[in-house]
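*Asks:* Pasting in a structure now, in structure tokens, and then I'll have a few things to ask.
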Amino acid sequence: MATEQDLQSLFKNLDRDQDGKVSINELFLSPGLSAIISSETNTSSPQELLVQYGLDENGSITFEELKEAVKKAGNFVES
């Protein structure tokens with residue numbers, strides 16, 4: 001289970017270029033963090049996460065898309 005603060009911290013660590021999006025490359029650069037994301041979103045891989053929840057279809061996921069994915073997976077705790 002993750003709070004919004006947990007997700008923001010995780011997202012900032014993944015978003016290495018600080019462009020407000022996490023790309024597939026950034027997900028692969030941090031396999032441990034990527035595993036946490038997969039667990040929280042009930043996806044098996046970074047590719048599956050982007051296919052299912054990368055709503056803008058640009059090969060990356062925004063914080064809001066990540067938050068929505070965690071909510072849909074039932075792993076979000078309102079703080």
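*Asks:* Over all directions, what mean area does the Cα convex hull of the chain project, stated in square nanometres?
*Replies:* One quarter of the hull surface, i.e. the mean projection, equals 4.4 nm².
*Asks:* Would you tally the net charge around LYS71, using a Cβ to Cβ cut-off of less than 11 Å, leaving LYS71 out, and scoring K and R as +1, D and E as -1?
*Replies:* Result for the neighbourhood of LYS71: -4.
*Asks:* May I ask you to give the percent of accessible area on the chain that is carbon plus sulfur, with a probe radius of 1.4 Å?
*Replies:* Of all accessible area on the chain, carbon and sulfur atoms account for 49 percent.
The values are calculated or read from the model by the stated rules, or taken from the named source; none is laboratory data. Computed from a prediction, not measured in an experiment: that's the story for all the values here. Reconstructed Cβ throughout: ideal geometry from the backbone, glycine too, with neighbour counts over all protein chains shown. Calculation scope for accessible area: heavy atoms of the full protein, side chains included, ligands and nucleic acids excluded. Shrake-Rupley method; radii C 1.70, N 1.55, O 1.52, S 1.80 Å.
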